[in-house]
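Below is one structure, written out as structure tokens; comments come after it.
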Amino acid sequence: MRAEGIETVRRILCVFPRYTSSFGTFEYSYPLTDGVQAFMPPQGLLLIAAYLPDNWPVRFVDENIRPATREDFEWAEAVFVSGMHIQRQQMNDICRRAHAFELAVAIGGPSVSACPDYYPSFDYLHVGELGDATDDLIARLARDPSRPDRQIVLKTKDRLDMTRFPIPAYELAEVKRYFLGSIQYSSGCPYQCEFCDIPGLYGRNPRLKTPQQIIAELDKLLECGVMGSVYFVDDNFIGNRKAAVDLLPHLIEWQKKTGYVMRLACEATLNIAKRPEILEKMREAFFVTIFCGIETPDPDALKAMHKDHNMMVPILEGVHTINSYGMEVVSGIIMGLDTDKPETGDALLAFVEESRIPLLTINLLQALPKTPLWDRLERENRLIHDDETRDSNVDFLMPYDQVVSSWRKCMEIAYQPARLYARYQHQCDYTYANRLKVPVSAAQKSWSNIKRGLIMLSKIFWKVGVLGDYRKVFWRFALPRLRKGDIEGLISSALIAHHLIMFARAASVGQQNASNYSLRLREASVPAE
Ligand code: SF4
């Protein structure tokens, strides 16, 4: 649905801020693609754009693709911004630029919802999810779009039921410029891991869209030109197991109907390995990747962070089970935990080797507001505020320098090209071999898709296979793939591997943040101006 009953017309400029370079945004892969410039279309801002009254013209600018221009600001009557903590500096910068044009600026999304005081200059703070605060904001702007005398904070008390969410305005985004498509089925997670802000922000009882909404969104993504992979950004795909079971037959049917045009990915807790009936359906729906927050292989640490559900199946067994359904596991790992010991780094590297997981986002612990971890560290006087020289706001029990150097060493070793490609080789031989054998669709056979593949392949061959300093390792992996005709597997592995190798090299010499959540200023990935 859309906001209704508003007759005045307002022109709204939605601006999504740049990301600071980070492990999880894959920017080192972009030069090897056919023009990808950003990670995923931002769900929240495109949702708000779709919710605005029908007669309000909306312009959407993702500053990871291009900066908002003078002409954009001159066109607009008000500006909407949304983002995560990591984009805080960039969001405040957009506000400053919009104010130069005397425009009212509203901010919503996860960062302001957790920390309204990070954003003192904005005119409107939209705290919480889509709901009565959104209607209030729209009504105020309809009455008067000029900047209010003082900041107005609007808090959602009555959330809009997700079954009434409109389809995000994907048509406003240049979806082909994104590394992945994105979609959301549910919000919230029943667990309470100590470091996580999801239950505090979105609740423990997952809210849901209907399967029909998801199918309509997939149709629209396809219509807008998304090819390749679509990521379910749900906090936990099996947060409500029954809902996942309800959705999967619809996805399977849609994939069959469209010729398996999209590879699907999601985030889920590792205990999904105990649910073969869900895994089998996911395989049939062509899920190829699951991000699991494994966090640590240390059982004592899992207990301490209240992530006991990761121990319902031995971790390596869980990974192996998921792989056996053709799905690669991507893992989140945290270092700097209170339970860490001097030998934690070595234990982690042993786990990387044993699990054969190619992609692990290894982060230093960062305390986020609205988490039990934040509250505990505050009580223990171990939160370090506003020190931008550090990669974490946690006063670790081990010496800070030791934790950071252990993280750097793990990054350096885990992503040595030969080690990483050996893990990809395992995925090809074992995991990918278990995938559903899907027919080659008309879309895949189309000239535009073949051209896209050729562009990527030639860039990979030139930049990695000829100019790259790890070209020998690359060719050892690539030649057998070429002989088997597995071009897709080759392209996807090489793209991701290149990012991981390059990012890890920068990280190991201190040029990247040790936490995706750190406020430490680094160069933004794509300069906006
Ligand atoms: S399972 Fe994942 S989403 Fe749920 S509380 Fe834990 S870390 Fe957060």
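The values are calculated or read from the model by the stated rules, or taken from the named source; none is laboratory data. Keep in mind that what you see is a predicted model, and the values were worked out from it rather than measured. No Cβ is skipped: glycine too gets one built from the backbone with ideal geometry, and neighbour counts run over all protein chains shown.
Data overview
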{"quantity": "Residue within the range 154-162 that is away from the ligand (no atom under 16 Å from the Cβ), surrounded by fewer than 22 Cβ atoms within 10 Å (Cβ to Cβ) and within 19 Å of E267 (Cβ to Cβ) present", "calculated": "yes"}
{"quantity": "Test: residue in the range 248-259 that is assigned to a loop (DSSP other than H, G, I, E, B) and within 16 Å of the ligand (Cβ to nearest atom)", "calculated": "no"}
{"quantity": "Selection from the range 268-277 of residues that are out of contact with any Gly (no Cβ under 9 Å at 6 or more places or on another chain) and either among the polar types (S, T, N, Q) or within 16 Å of the ligand (Cβ to nearest atom) (or both)", "calculated": "R275"}
{"quantity": "Hey, T289 in the same structural domain as L348 (by TED's automatic domain parsing), touching a Cys at 6+ places or on another chain (Cβ under 9 Å), away from the ligand (no atom under 15 Å from the Cβ) and within 20 Å of V233 (Cα to Cα) or not", "calculated": "yes"}
{"quantity": "Members of the range 349-401 that are closer than 30 Å to Y432 by Cβ and part of a loop (DSSP other than H, G, I, E, B)", "calculated": "R356, I357, P358, L359"}
{"quantity": "Residue count, the range 51-70 (criterion: part of a loop (DSSP other than H, G, I, E, B) and in contact with a Leu (Cβ under 8 Å, 6 or more places away or on another chain))", "calculated": "1"}
{"quantity": "Condition check for S121: over 30 Å from P372 (Cα atoms) and assigned to a loop (DSSP other than H, G, I, E, B)", "calculated": "no"}
{"quantity": "Residue in the range 167-185 that is within 16 Å of the ligand (Cβ to nearest atom) and either in contact (Cβ under 8 Å) with a residue 12 or more places away in the chain or closer than 29 Å to N310 by Cβ (or both) present", "calculated": "yes"}
{"quantity": "Hits in the range 311-343 - residues which are of a type outside the set (A, V, I, L, M, F, W, C) and in contact with an Asp or Glu (Cβ under 7 Å, 6 or more places away or on another chain)", "calculated": "Y325, G332, T339"}
{"quantity": "Test: residue in the range 443-455 that is outside the structural domain of N323 (by TED's automatic domain parsing) and in contact with a Gly (Cβ under 8 Å, 6 or more places away or on another chain)", "calculated": "yes"}
{"quantity": "Failed item, numbered, when T210 is tested on (1) touching a residue at least 40 places away in the same chain (Cβ under 8 Å); (2) surrounded by fewer than 22 Cβ atoms within 10 Å (Cβ to Cβ); (3) within 16 Å of the ligand (Cβ to nearest atom)", "calculated": "(3)"}
{"quantity": "Candidates S448, S405, S441, S458, filtered to the one that is more than 25 Å from D34 (Cβ to Cβ) and small (G, A, S)", "calculated": "S405"}
{"quantity": "Hits in the range 217-240 (condition: at positive phi and out of contact with any Leu (no Cβ under 8 Å at 6 or more places or on another chain))", "calculated": "G225"}
{"quantity": "Failed criterion for H126 (all others in (1) surrounded by fewer than 21 Cβ atoms within 10 Å (Cβ to Cβ); (2) touching a Ser or Thr at 6+ places or on another chain (Cβ under 7 Å) hold)", "calculated": "(1)"}
{"quantity": "Single condition E74 does not satisfy, out of (1) charged (D, E, K, R); (2) touching a residue at least 40 places away in the same chain (Cβ under 8 Å); (3) surrounded by fewer than 17 Cβ atoms within 10 Å (Cβ to Cβ)", "calculated": "(2)"}
{"quantity": "Selection count, the range 220-244, where residues are in a loop (DSSP other than H, G, I, E, B), within 16 Å of the chain's Cα centre (by Cα) and away from the ligand (no atom under 14 Å from the Cβ)", "calculated": "0"}
{"quantity": "Some residue of the range 135-156 being under 23 Å from the mean Cα position of the chain (by Cα) and not assigned by TED's automatic domain parsing to the domain that holds G200", "calculated": "no"}
{"quantity": "Criterion: more than 30 Å from A285 (Cβ to Cβ) and modelled with pLDDT of 95 or more - qualifying residue of L467, L521", "calculated": "L467"}
{"quantity": "Hits in the range 478-499 - residues which are among the hydrophobic types (A, V, I, L, M, F, W, C) and touching a helix residue (DSSP H, G or I) at 6+ places or on another chain (Cβ under 8 Å)", "calculated": "A478, L482, I487, L490, I491, A494, L495, A497"}
{"quantity": "All positions within the range 176-195 that are assigned to a loop (DSSP other than H, G, I, E, B) and more than 30 Å from R376 (Cα to Cα)", "calculated": "F179, L180, Q184, Y185"}
{"quantity": "Pair list, Cβ under 9 Å, 6 or more apart: the range 266-290 residue closer than 16 Å to A433 by Cα and in a helix (DSSP H, G or I), other residue more than 15 Å from the ligand (Cβ to nearest atom) and of a type in the set (F, W, Y)", "calculated": "L279/F287; L279/Y325; E280/Y325; M282/Y325; R283/Y325"}
{"quantity": "So A114, is it surrounded by 17 or more Cβ atoms within 10 Å (Cβ to Cβ), among the small types (G, A, S) and either more than 30 Å from M456 (Cα to Cα) or modelled with pLDDT under 95 (or both)", "calculated": "yes"}
{"quantity": "Checking C410 against (1) at pLDDT 95 or above; (2) in a loop (DSSP other than H, G, I, E, B); (3) crowded, with 22+ Cβ neighbours inside 10 Å, the condition it does not meet", "calculated": "(2)"}
{"quantity": "Filtered residue count, the range 292-329, keeping only those that are within 14 Å of the ligand (Cβ to nearest atom), in a strand (DSSP E or B) and either small (G, A, S) or within 21 Å of V230 (Cβ to Cβ) (or both)", "calculated": "2"}
